[in-house]
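Each remark here refers to the structure printed beneath this line.
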Amino acid sequence: MTSLKKQVTDTLPGVGIACITGLAALFLSEHYQAPAMLFALLLGMAISFLYQENTQCAKGIDFTACHLLRTGVALLGLRIALEDLAALGWQTGLMLFVAIVSTILVGVGLAKVCKLQKRFGMLTGGSVAICGASAALAISSILPNSKNKDRDTLLAVIGVTAFSTFAMIAYPILVEYLEFNQTEAGIFLGGTIHDVAQVVGAGYSVSEGSGDLATLTKLVRVAMLLPVVLVLMLIMKSAAAKAGSTIESEVPKFPGFLIWFVILMLLNSFIDLPDVVLTSSNELSRFLLVVSITAIGMKSNLGKLVEVGMLPIFILFMETVWIAVIILAYVLYL
């Protein structure tokens, strides 16, 4: 009992700081109509000295960046129902599958060409292909611990948030220029923009019908988070086994939060949950992810970010272009 009390006491200061900073990020997001993830990162980085110099907060910040993050990702399961997957039809589903897998492969290939770790290509490719910052956090949680893990996660989140915000503004203009109908516009916007919030903003700025279909298309991409994370975990485990790794942290373990993700998705599929439950879980998930991003920002080192240069941004840009071209080709020609 004394040990548990000590663990709670050691953890609370860091968790409290992260939550307060996360709330500030959400307030600024509502006030200035900008992505909460971006504000969370910037505020977290601004007070990173609390992690670097104050050991009293370090344990709580680590707890937030790990356990609260996984809880937030697990709650994403309540956003999805199996009927969503069937609503778009098998052709669109197959197209999204091809777009997601090829984008991740492009990311891994570009990382290899740019002499960066393949894990970074998986991280950025998955975040662009699936659901932006949320996917980056989910994939990061299964990556083996390394000195550059937090830095790479931060780079992925910053880049994918920036490109997603740009897409939210630019893609509706492109849709109008190409004279897409509601169905074409919804599939394109939902299939290309990285974050859910930006998909909603872009879709409903075109029309209500486009907004509904864009959101549905995006949720199908979010549903692919589970199989993608599982496959990546198996690939890394196989690679570690072939390399003869005996270091436990280098061999990914099956993440329990993915089990909860599936349970909550099935619960939402077969039980008619009250709107207040779905709304509350959605808000809680968003809050936990924002708080986790804040903690990751607090763990960051700006000097290390500068050392990496423009290569990560180039990789994220090419991944963004790649998935946009695939979805655009599908809408135009198929």
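The values are calculated or read from the model by the stated rules, or taken from the named source; none is laboratory data. All values derive from a computational prediction rather than experimental measurement. Using ideal geometry, Cβ is built from the backbone for each residue, glycine included, and neighbour counts are taken over all protein chains shown. What goes into the accessible areas is simple: the full protein's heavy atoms, side chains included, and nothing from ligands, DNA or RNA. Shrake-Rupley method; radii C 1.70, N 1.55, O 1.52, S 1.80 Å.
Results, tabulated for the structure shown:
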quantity: Complete set of residues in the range 42-68 that are within 19 Å of SER141 (Cα to Cα) and open to solvent by 10 Å² or more (accessible area, probe 1.4 Å); calculated: ALA58, LYS59, ASP62, PHE63, ALA65, CYS66, HIS67, LEU68
quantity: Which listed residue is of a type in the set (Val, Ile, Thr), in contact with an Asp or Glu (Cβ under 9 Å, 6 or more places away or on another chain), at pLDDT 85 or above and surrounded by 14 or more Cβ atoms within 10 Å (Cβ to Cβ), from VAL206, VAL199, VAL228; calculated: VAL206
quantity: Within the range 299-332, tally of residues that are modelled with pLDDT under 85 and either open to solvent by less than 60 Å² (accessible area, probe 1.4 Å) or in a helix (DSSP H, G or I) (or both); calculated: 10
quantity: Residue selected from the range 35-57 under the condition free of Cβ contacts under 8 Å to residues at least 60 places away in the same chain and part of a loop (DSSP other than H, G, I, E, B), by the criterion farthest from THR11 (Cα to Cα); calculated: GLU53
quantity: Residue within the range 115-123 that is open to solvent by less than 70 Å² (accessible area, probe 1.4 Å), among the aliphatic types (A, V, I, L, M) and modelled with pLDDT of 90 or more present; calculated: yes
quantity: Checking LEU105 against (1) over 11 Å from the mean Cα position of the chain (by Cα); (2) open to solvent by less than 10 Å² (accessible area, probe 1.4 Å), the condition it does not meet; calculated: (2)
quantity: Failed item, numbered, when VAL98 is tested on (1) buried (at least 16 other Cβ atoms within 10 Å of the Cβ); (2) modelled with pLDDT of 90 or more; (3) under 19 Å from VAL228 (Cβ atoms); calculated: (1)
quantity: So ALA99, is it under 19 Å from LEU213 (Cα atoms) and in a helix (DSSP H, G or I); calculated: yes
quantity: Qualifying residues in the range 170-193 (those that are among the β-branched types (Val, Ile, Thr) and closer than 21 Å to GLN91 by Cβ) - the one surrounded by the most Cβ atoms within 10 Å (Cβ to Cβ); calculated: ILE193
quantity: Test result for CYS66, closer than 19 Å to ASP150 by Cβ and more than 24 Å from the chain's Cα centre (by Cα); calculated: no
quantity: Residue match in the range 76-90 (condition: at pLDDT 85 or above and under 15 Å from PHE257 (Cβ atoms)); calculated: yes
quantity: Residue ID - farthest from the chain's Cα centre (by Cα), chosen from residues in the range 108-147 that are of a type in the set (D, E, K, R) and not in a helix (DSSP H, G or I); calculated: LYS115
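Results for (1) in contact (Cβ under 8 Å) with a residue 24 or more places away in the chain; (2) of a type in the set (Ser, Thr, Tyr); (3) out of contact with any Ser or Thr (no Cβ under 7 Å at 6 or more places or on another chain), shown as yes or no for each residue.
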{"residue": "VAL15", "(1), (2), (3)": "yes, no, no"}
{"residue": "THR21", "(1), (2), (3)": "yes, yes, no"}
{"residue": "LEU26", "(1), (2), (3)": "yes, no, yes"}
{"residue": "HIS31", "(1), (2), (3)": "no, no, yes"}
